[in-house]
Amino acid sequence: MTEHRVPEEQDITEADQELAIRAIRATERVTAPGSLRASVERMAAASAPAPRPWRRPVVLGGAVGALAAAVVVLVLVLSGSSGPSVEQATRVALAPPVTGPPARRPGQEVLSAEVDGVAYPYWSDSSGWRAVGTRRDTVGGREVMTVVYADARGRRIGYAIAAGGALPADGGRVVSRGGRDFRVLRVRGADVVTWERHGQTCILASRDTGADVMLGLASGGAA
Amino acid sequence: MARRLDPQALAGHLDRIYRAALALCNSREDAEDLVQETYAKVLAKPRRLKSGDELGYLLVTLRNTYFTSRRTAARRPRADVDLDTVAAADPRPDAQPAAAAELDEVFGAIAALPDDFRLALIAVDIVGLSYAEAAEVLGVPQGTIATRVFRARGQVARELREVPAPQRSPR
């Protein structure tokens with residue numbers, strides 16, 4: 001392997017940048033070999049702390065049992081009639097991720113994961129919320145993909161897209177941000193924000209993060 | 001506020017860390033060994049995370065493990081090996097040889113960068129850290145990261161343009 005002199009900035013063109021970004025993006029399809037994955041998962045399982053005994057959550061007045069930490073965004077494709085309810089989709093999206101997170105698309109404010117043309121936002125730079133995992137579920141006969149985000153304090157965000165069919169969103173209150181309307185709801189102890197993007201319905205839900213934070217994420221550029 | 005490293009979150013970053021290792025080593029076997037050693041170190045005991053997250057922690061450990069291994073290997077006597085045996089032990093998971101060769105070219109171009117530029121490019125473009133996060137992880141100013149990534153991409157582009165298509169072949 002020969003190490004080359006790196007060109008100075010003035011000698012580098014925009015086309016160079018685009019070529020490199022495109023080429024590096026292509027490497028995202030390289031995944032770890034199965035044997036390595038199995039080995040790492042064994043090590044992780046052996047290292048994980050023993051689960052705590054389950055205890056019934058104590059509800060203190062209006063404290064809303066806010067011990068669980070999760071923010072969930074669901075993007076649901078608008079179309080026909082049947083499909084998961086907002087409550088069903090929220091329940092699925094609050095579940096923990098089962099696979100690793102998608103990488104950022106180099107040079108873009110989105111991740112390398114999408115459903116029906118809707119890409120998941122890259123929020124790390126703008127807000128500190130990083131993608132930490134992914135899961136796929138079938139709800140109401142439709143596949144729902146969720147990307148879970150977390151911030152430095154360990155709070156979590158999930159972003160999901162359910163292919164095919166709209167979820168009717170009603171109830172709650174409507175809030176306008178940046179010229180768009182968002183609906184703020186409570187579903188199964190979680191705060192939920194729904195909105196539409198490119199003809200699709202998005203749902204954001206959280207048990208430990210306020211609706212104002214979710215609205216900020218939802219109204220961001222890539223969301 | 002410090003928190004405990006989450007083993008499952010660590011495992012969830014495997015693919016990105018593996019690609020980072022490939023970009024460091026430019027060899028699948030070496031990358032697998034490097035990733036294995038990195039995870040073994042990190043998961044050997046419970047660890048506290050004072051800042052950043054699991055991904056940054058893994059990248060720092062990967063970098064440190066890589067440079068330690070490289071220094072150790074440089075001091076070790078070299079043995080002659082049968083190249084046919086080495087080639088046979090390097091199966092390509094990619095079903096399309098041409099595509100695999102192109103990926104090898106990309107990893108090879110990154111691996112040929114000087115260390116500082118390579119680490120910046122890996123942190124931002126392979127692992128997906130922001131410039132600010134990469135700056136913290138690598139311990140240099142954010143502007144330095146931006147410059148290094150820009151110049152590293154320029155060199156990678158030159159490398160890829162200079163490789164004639166008929167000569168492209170996996171290592």
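The values are calculated or read from the model by the stated rules, or taken from the named source; none is laboratory data. This structure is a prediction, so every number in the text was calculated from the model and none was measured. Neighbour counts are summed over all protein chains in view; Cβ atoms, including those assigned to glycine, are modelled from backbone coordinates with ideal geometry.
Worth a mention:
- Selected residue (criterion: surrounded by the fewest Cβ atoms within 10 Å (Cβ to Cβ)) from residues of the stretch A:2-20 that are at pLDDT below 80 and closer than 14 Å to B:PHE117 by Cβ: A:ARG5
- Of residues in the stretch B:84-119 being of a type in the set (A, V, I, L, M) and touching a Leu at 6+ places or on another chain (Cβ under 9 Å), the one modelled with the lowest pLDDT: B:LEU103
- The condition (being at pLDDT 85 or above and part of a loop (DSSP other than H, G, I, E, B)) is satisfied by just one residue among A:ALA32, A:ALA95, A:ALA50: A:ALA32.
- Condition check for B:ILE126: under 16 Å from the mean Cα position of the chain (by Cα), within 9 Å of chain A (Cβ to nearest Cβ) and surrounded by 18 or more Cβ atoms within 10 Å (Cβ to Cβ): yes
- Neighbours by Cβ (under 7 Å, 6+ apart or cross-chain): first from the stretch B:128-147, closer than 18 Å to A:PRO106 by Cβ; second among the charged types (D, E, K, R) and buried (at least 22 other Cβ atoms within 10 Å of the Cβ): B:GLY128/A:ARG104; B:GLY128/B:ARG16
- Within the stretch B:1-26, restricting attention to residues that are more than 8 Å from chain A (Cβ to nearest Cβ) and at pLDDT below 90, the residue that is surrounded by the fewest Cβ atoms within 10 Å (Cβ to Cβ) is B:ALA2.
- In the stretch B:31-58, of all residues being within 20 Å of A:PRO102 (Cα to Cα) and out of contact with any helix residue (DSSP H, G or I) (no Cβ under 6 Å at 6 or more places or on another chain), the one that is modelled with the highest pLDDT corresponds to B:TYR57.
- Residue, surrounded by the most Cβ atoms within 10 Å (Cβ to Cβ), within the stretch A:91-107, restricted to residues that are out of contact with any Ser or Thr (no Cβ under 6 Å at 6 or more places or on another chain) and free of Cβ contacts under 8 Å to residues at least 40 places away in the same chain: A:ARG104
- Selected residue (criterion: nearest to B:GLU37 (Cα to Cα)) from residues of the stretch B:66-83 that are at pLDDT 50 or above and charged (D, E, K, R): B:ARG70
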